[in-house]
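Novice: Below is the structure I would like to discuss, written out as structure tokens.
Read-outs: derived from the displayed coordinates by stated rules, not from any lab. Bear in mind the structure is a predicted one, so any value in this text is a computation, not a measurement. All Cβ positions, glycine included, derive from the backbone under ideal geometry; neighbour counts span all protein chains shown.
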Amino acid sequence: MSKKAKLIARFLSLPSDFHYTELVKILRYFGYTEMKTGKTSGSRMKFMNVKKDQIKFHKPHPTGIMKTYQLKVIKEKLEL
């Protein structure tokens, strides 16, 4: 099993310790790029693909661990 497949499988299991950096990798696999929303955007993150589909959420801090509800919403958006 490749690293990509392992990471996707981990994401689909909705673990309670899924990190923001792992999520960024997943979004890149699916063609999303991070959009800069301005210098006052704070922890608001926005990712967009070539079809102009957007995924928005707050970057978790200080630990970087994503909330389960965020993972569920992103999973639905990616249609996995």
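Novice: Can you pull out every residue in region 45-54 that is farther than 17 Å from LEU7 by Cβ, surrounded by 11 or more Cβ atoms within 10 Å (Cβ to Cβ) and either of a type in the set (Val, Ile, Thr) or under 12 Å from the mean Cα position of the chain (by Cα) (or both)?
Specialist: Scanning region 45-54 gives MET45, LYS46, MET48, GLN54.
Novice: Hey, could you check region 66-80 for residues that are in contact with a helix residue (DSSP H, G or I) (Cβ under 9 Å, 6 or more places away or on another chain) and not hydrophobic (A, V, I, L, M, F, W, C) and say which is surrounded by the fewest Cβ atoms within 10 Å (Cβ to Cβ)?
Specialist: LYS75
Novice: Let me ask something else about it. Within region 1-34, track down each residue that is in a loop (DSSP other than H, G, I, E, B), in contact (Cβ under 8 Å) with a residue 40 or more places away in the chain and loosely packed, with under 13 Cβ neighbours inside 10 Å.
Specialist: Residues satisfying the conditions are SER16, ASP17.
Novice: Right, here's the next one. Given the structure, is TYR20 of a type in the set (Phe, Trp, Tyr) and more than 20 Å from GLU79 (Cβ to Cβ)?
Specialist: Considered against the rule, which asks whether it is of a type in the set (Phe, Trp, Tyr) and more than 20 Å from GLU79 (Cβ to Cβ), TYR20 comes out as yes.
Novice: Can I ask one more? Of the residues THR63, THR37, which single one is over 11 Å from the mean Cα position of the chain (by Cα), of a type in the set (S, T, N, Q), part of a loop (DSSP other than H, G, I, E, B) and surrounded by fewer than 11 Cβ atoms within 10 Å (Cβ to Cβ)?
Specialist: THR63
Novice: Let me ask another. Please enumerate the residues belonging to region 23-54 that are closer than 13 Å to ILE74 by Cα and not basic (Lys, Arg).
Specialist: Result: LEU23, VAL24, ILE26, LEU27, PHE30, TYR32, MET45, PHE47, MET48, ASP53, GLN54.
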